[in-house]
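Participant: Quick one: the structure is below, and I'll ask about it shortly.
The values are calculated or read from the model by the stated rules, or taken from the named source; none is laboratory data. The structure presented is a predicted model; accordingly, all values stated were derived computationally and were not measured. Cβ coordinates were reconstructed from backbone atoms using ideal geometry, including for glycine residues, and neighbour counts include every protein chain displayed. All accessible areas refer to the heavy atoms of the entire protein, side chains included, with ligands and DNA or RNA removed. Shrake-Rupley method; radii C 1.70, N 1.55, O 1.52, S 1.80 Å.
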Amino acid sequence: MGVVNFLLLSCLGVAVTVRAQDCSKPIPGPNMDLKGNDILLQTFPDGSQVSFACSIGYTSAGGSSLITCTAGTWSPVRLRCEKKNCGSAGEVDHGTIDYSRGTEFGDTIVISCNTGYRLVGRSEILCGDKGWMDRLPVCEVVTCDPPAQIAKGSFSPAADFYEYGEVVQYSCDAGLTVSGSKSLTCSSDGTFTPAPPSCIMVQCEDIDIPYADWVGGSRPPYGYKATVTFRCKSGYEMKVPGTLTCDINGQWSPGIPECEMVTCGPPRSVADGSFSPNKPSYNYSEVVEYSCNEGFKLIGSKSTSCLASGAFQATDTQCTMVTCGPPPSVVDGTFSPKKVSYKYNEAVEYSCNEGFELIGSKSALCLSNGKFQSTDTQCTKTPTTTTTTTTTTTTTVTPTGNGTIIGICLGVILAVLLVILCGLCICKKKKQGSGKDQPDLKATKPEEEVALAVRRWTTKHT
């Protein structure tokens, strides 16, 4: 029991000791400080309360600012502080505000003026604890002093000063031309630009372009900006525009052109033919002549000329192959092959009817003039062969014309038979002739028949 009482008394003593313990200086949350005189103390008795306030440039975003010391421990800090935002700074006439750096405490804005205006005031303003720490600047328009005067000329309008963007116009006395810019503008740096012009006398020379005609424009004398237009004669062309302008330097712009003779490339080629002369280029009106290869004839235009357009005149020229109609016919004969038409250099062969022999050319060619070559071909009747027989001679029938070897052989055989028959007839006459006054008229009949047979065969096979 005594032990228990001792333990209870000890716990009570510890509790009394804990309850009476002080707190050390509290640690503030982000962006805040102790409020009032509490910032000077280092310890705080048990049960003390302190409050926090947001630092300069920060403002409360919620939560209690009070904390309490209990048995040596501070209650949690609930206060939240965030940066102050200065928001929009307003507007600047003829200028702009750059907020790209932010609008919170410590940020800066940059003010700039539009072209032609100058800034009066600060170009940068800081966001402070109480807002933007300076007033916005002003953008004032740039002004220019009057531009310079020029000899033999003047400008308008006349004024004591000119605002940015205002323009003055220069002009020269009669007969003179403004050399330079007629218009000057009050620029952003307070001066007129470009530099003032001058007044000069401008005159361009007369123009003479070979192979060209004047077609319109000014007449001499030619002053500044006078224009003339020339055109080349037919068969000539200009490589630059034909309209010229007298420039400020007294020169014709873009320069006096030349009229150059038109040239053509080669003309259209023709299959199975050619043209002459054959060269890379031809002058205006130059002519080329077409011709066809051997065996071909030209149809259409025989020539073409280089036109003013730079191209040869269109033609319907075709070289077509030469053809011949049927060749001359031959009496008592024919030719082959037989067709309606024949190509160049094609040949026909002549032959004669039976009983006729060919004299002259056996063939004819289709010539380049579209006609068959002339021939002396004729078919003449085959002459008959007369055979004379005696007891001591042998007549040999020789085939003529186009007789073959077989015909010759048969002729020889018939001649031999004729001789044999003649011999037999003579023998028969000797046996029957004794004591008779009149000759036997039929004794020669076999001879005549043989001779007739020979003649017929010869006529058939020659």
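Participant: Just to be sure I understand the model, the point goes 7 Å from the Cα along the line to the Cβ. What's the resulting T43 to S329 distance in nm?
Facilitator: Label at T43, label at S329, 16.1 nm between them.
Participant: Around A61, what is the net charge, scoring Lys/Arg as +1 and Asp/Glu as -1 over all other residues with Cβ under 12 Å from its Cβ?
Facilitator: Residues near A61 contribute +3 overall.
Participant: Can you tell me the dipole magnitude for region 239-333 around its Cα centre, using point charges on the Cβ only (Lys, Arg +1; Asp, Glu -1), in Debye to the nearest 20?
Facilitator: Using only the charged Cβ atoms, the result is roughly 80 debye.
Participant: If you take the alpha carbon radius of gyration of region 211-274 and divide it by 2.2 N^0.38 Å, what ratio comes out, to two decimals?
Facilitator: 1.66
Participant: Roughly how many Å² of E354 are accessible to a 1.4 Å probe, to the nearest 10?
Facilitator: Surface accessible to solvent at E354 totals approximately 140 Å².
Participant: Assuming 0.36 nm per residue, please report the length gained on full extension of the stretch D22 to K362 beyond their Cα-Cα distance.
Facilitator: Result for the pair: 106.9 nm of gain on full extension.
Participant: Placing +1 at every Lys and Arg Cβ and -1 at every Asp and Glu Cβ, with all other atoms neutral, what dipole size does region 95-201 have around its Cα centre, in debye to the nearest 20?
Facilitator: So the dipole magnitude of region 95-201 works out to roughly 280 debye.
Participant: Going by average Cβ neighbours within 10 Å, how do the peptides 85-91, 243-249 rank, with the highest at the top? Could you put the intermediate results ahead of the total?
Facilitator: On the way: 85-91: 13.3, 243-249: 17.6.
With the highest mean Cβ count within 10 Å placed first, the list reads 243-249, 85-91.
Participant: Tell me, what is the per residue accessible area of region 32-164 in Å², probe radius 1.4 Å?
Facilitator: Using a 1.4 Å probe on heavy atoms only, each residue of region 32-164 averages 60 Å².
Participant: So for region 95-216, what percent of the C-alpha to C-alpha distances run longer than 18 Å?
Facilitator: Taking all Cα-Cα pairs of region 95-216, the fraction more than 18 Å apart is 68 percent.
Participant: What length, rounded to one decimal in nm, is gained on full extension from I256 through to E349, with 0.36 nm per residue of separation minus their alpha-carbon distance?
Facilitator: 26.0 nm
Participant: For the cross-link pairs K302/K362; K182/K233; K302/K371, which exceed 28 Å when the distance is taken from alpha carbon to alpha carbon?
Facilitator: Over 28 Å Cα-Cα: K302/K362; K182/K233.
Participant: Same structure, new question: With the contact rule set at Cα under 8 Å and sequence spacing of 6 or more, what percent relative contact order holds for region 116-266?
Facilitator: 15
Participant: OK, next. In nm, to one decimal, how far is the D160 label point from the V287 one, both placed 7 Å along Cα→Cβ?
Facilitator: Output for this residue pair reads 8.8 nm.
Participant: What residues qualify as long-range amide H neighbours of K25, i.e. H under 5 Å apart, gap of 5 or more or another chain, H built at 1.01 Å from N?
Facilitator: none
Participant: Taking R0 as 30 Å, what FRET efficiency do you get between K339 and K381 from their Cβ-Cβ distance, rounded to the nearest 0.05?
Facilitator: About 0.55, to the nearest 0.05.
Participant: Another question, then. Convex hull over the Cα atoms of region 250-304, averaged projected area in nm²?
Facilitator: Values: hull surface 20.8 nm².
That works out to 5.2 nm², a quarter of the Cα hull's surface.
Participant: In cubic angstrom, how much convex hull volume per residue do the alpha carbon atoms of region 264-355 span?
Facilitator: In region 264-355, the Cα convex hull volume per residue is 94 Å³.
Participant: Assuming R0 = 35 Å, can you tell me the calculated FRET efficiency for the pair S123 and Q169, based on Cβ-Cβ distance, to the nearest 0.05?
Facilitator: Numbers: r = 36 Å, r/R0 = 1.03.
The formula returns an efficiency of 0.45 here.
Participant: Above 27 Å lies some portion of the pair distances; for region 8-158, what is it as a whole percent of all C-alpha pairs? If you can, show how the numbers build up before the last one.
Facilitator: Numbers: 6377 of 11325 pairs.
Beyond 27 Å sits 56 percent of the P(r) for region 8-158.
Participant: Spin-label point model (7 Å from Cα, Cβ direction): what's the M238 to T68 distance in nm?
Facilitator: With each label point 7 Å from Cα toward Cβ, the separation is 10.6 nm.
Participant: Relative to the Cα centre, what is the charge dipole magnitude of region 22-103, using +1 at the beta carbon of each Lys and Arg, -1 at the beta carbon of each Asp and Glu, and rounding to the nearest 20 debye?
Facilitator: With Lys and Arg at +1 and Asp and Glu at -1, about 180 debye.
Participant: A further question on this structure: Ratio of Rg to Rh for region 205-323, alpha carbon only, Kirkwood? Write out the running numbers ahead of the final one.
Facilitator: On the way: Rg = 21.6 Å, Rh = 17.1 Å.
Value, to two decimals: 1.26.
Participant: Pulled fully out, how much extra length does the chain show between A151 and K371, if you take 0.36 nm times their separation in residues and subtract their Cα-Cα distance?
Facilitator: Here the answer is 69.7 nm.
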